[in-house]
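Comments concern the structure below.
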Amino acid sequence: MKLRAQKLWSFFASSLPFLPLILHHHPPFVGLLQPSLTPVAPPVPLARHHIYGLFKQRFGKEGQEEIAEDWLEKFSPWEVVRHDIVFHVRFFGHVEVHPTGSRKWVGGEVVQALAYDVPIPGYKTKNTISLRIWEAKAGAEDFNLFQFNDGQYESAAQLHSRAQQICAVLYPGDATESGKLLRLKQQFFLCSASLQLFSNHGINLRTLFSDLRREKDGKGLRQWSEFPTKVAVQLNDTHPTLAIPELMRLLMDDEGLGWDEAWDVTTRTISYTNHTVLPEALEKWSQAVLWKLLPRHMEIIEEIDKRFIAMIHTTQPELESKLSSMCILDDNPQKPVVRMANLCVVSSHTVNGVAQLHSDILKSELFADYVSIWPNKFQNKTNGITPRRWLRFCSPELSHIITKWLKTDQWVTNLDLLTDLRQFADNADLQAEWESAKMANKQRLAQFILQVTGISIDPNSLFDIQSISPEERKNTTPRTIMIGGKAFATYTNAKRIVKLVNDVGAVVNNDPDVKCYLKIDNFMRPEIRNMLKSLTLQVVFVPNYNVSVAEKLIPGSELSQHISTAGMEASGSSNMKFALNGCLIIGTLDGANIEIREEIGEDNFFLFGATADEVPRLRKERENGLFKPDPRFEEAKQFIRSGVFGSYDYNPLLESLEGNSGYGCGDYFLVGHDFPGYMDAQARVDEVYKDRKRWIKMSILSTAGSGKFSSDRTISQYAKEIWKIEECRVP
């Protein structure tokens, strides 16, 4: 397999004139890999080689418990270890200043970055790329044989142990200084190793550096200004922000460029995708921690900030009053930090959001002051999903029906062809076949639920994903409600929500009066901001939600809930997956929900909740004590406090929904405001579901309107509008 993979990589690389590098803390972007080969010039996705993944989920009396997940304890047949591609990554140390004024980062500890490749083939093309993942390790020279033979076993292999920690767990806890150091080590390790890379078959970046040095080539002098025409670096959120000062360091300290030339190269090479507008998710790292771990990079960040401030004073004096929030370094004496998002915006040639609403908020609110300086820097790139996985593979019966009625399977690579299904939406034959295919998916999902939870669910009930109904459900539509996801180990409120979900389920699923009408299993992401709306559901939590589970859940779903407060969710992509599979959505006007509703038709979307432009006013009214909650909302909270779901103290969770303002209270996500509209929307769901022809027609129109949300479109827009590259077909 290794020889075959090497031949494929070499064959494709021979025709690759331009290299986009996608840096991400972990590889969740697999949906963009395969479409990037169908058929535009492919990027090189980069991530770390985690041994134990995030965590494995189990439940005890106190709720969710996390144990190590055996991601790589068993052999992965797809990985190809590349012993020929090893780079060195430094931490700690100090900066030497030479008499010439040049600077050099020396000392500290140095680990090795060993490359692994996972082949990613294109769909019906000759193209292939590899997902490049890096493993941290130490060499034989770092093993102290004398200490080992002296019985000092741990001391003998200290660097080996510290290197293994870097790739042990994805997102380790960062409540302690050691945890923060490890998180930063992880981020810098990925950035440094990846920037020492040139191509996906192992040519060192220094090969390109050497080729671009000012040496005669018979046609004149080669300039470093050519570098951004050969390499693009896409920062996927703020986790890989350290690529900015690392590229500057490589150019200045290793290659001898001056600041201005290095800055020009860097800012024309790097672009930034923002994934959140939530302040707590915009990374801010302690200056002290960064000085300790990466002293040379902090010097560079300081200089970038200094020059940015000088530029504002010189060219944008009207923004001087805004500098305290726009600058990169927040020198608050209580907690001096580096604002990583600000560093990304200042240093990138392009900044994009991942849904139209999200991108509009970036320009009008979060980064509004930067827009006045660089109005052309900001773009939108609405997320997409691959139809090969999320319809063709995971729902074969439905895919067969689509191909039959469209009389072509070209929709698999041209999802816009799905619009032709609209002309058949009222056809009784199509509706019958469609309903049969959905039932096959529901039966497959029911078997899976029985296998992993021991719970038998009725395929004839409405399969509702992330639903709520605090009212008694007699004489209405029977439902199977599914919720699932993982609460991060240190995310206290998310873990409280998961605990409540399980406690409610334990009551409802054992109540004979309710059991006939409401059976609940869980596949919900508890970190979704408005999961509080689901607190009164009864649930049995199915652990370890992942892509493989989603491949069974999504095709079998009939109603899916995407209920984040308007303006809070950047985009979402699961909403696209559900809509593509003919699952109707109940949701707010947030993220990609807006565009989905526009594409599938307003009548085929169960809408509720405040709009993004209403949210600031509603929060202000809440602060002024003008909010009056719906009685049903108050009853739901009272019911939870009554102890009917057990003795666990849910007051900290419920108190976040109460009061008018203050830390941890005041209902920041407007759950109380949206609650009555949500209840009304669920009533509409009950009414429509009883009309089977109407429901199936809406399901067909949902699929027919999902063509925009192909990741083929997304990656093509990145290629043309950000990376400025053309298709690169293998002959």
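Below, the figures for the structure above:
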read-out: Loop-resident sites, segment 565-607, for chymotrypsin sites (Phe, Trp or Tyr not before Pro), counting at most 10 other Cβ within 10 Å (DSSP); value: none
read-out: Sorted by Cβ density within 10 Å, fewest first, the residues LYS126, LYS438; value: LYS126, LYS438
read-out: Total formal charge among the other residues, if their Cβ is under 12 angstrom from that of LEU626, Lys/Arg +1 and Asp/Glu -1; value: +3
read-out: Segment 295-377: relative contact order in percent, alpha carbon pairs under 8 Å with at least 6 residues between; value: 21
read-out: Residues ILE596, ILE455, sorted so that the one with the fewest Cβ neighbours within 10 Å comes first; value: ILE455, ILE596
read-out: Cα centroid separation, segment 256-326 to segment 100-172 (Å); value: 28
read-out: Restricting segment 635-731 to chymotrypsin sites (Phe, Trp or Tyr not before Pro) in coil, as DSSP defines it, with at most 14 other Cβ within 10 Å; value: TYR663
read-out: Where trypsin sites (Lys or Arg not before Pro) fall in DSSP loop in segment 61-121, at most 10 other Cβ within 10 Å; value: LYS61, LYS74
read-out: Two-site label geometry, SER324 and TRP259: point separation in nm, points 7 Å out along Cα→Cβ; value: 2.6
read-out: Summed residue charge, Cβ within 13 Å of VAL412's Cβ, Lys/Arg positive, Asp/Glu negative; value: +1
read-out: Positive minus negative residues near GLY666 (Lys, Arg vs Asp, Glu; Cβ under 14 Å); value: -2
read-out: Order of VAL118, VAL338 under a 10 Å beta carbon neighbour criterion, fewest first; value: VAL118, VAL338
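Computed from the coordinates by the stated procedures, all read-outs in this text should not be read as laboratory data. The structure presented is a predicted model; accordingly, all values stated were derived computationally and were not measured. All Cβ positions, glycine included, derive from the backbone under ideal geometry; neighbour counts span all protein chains shown.
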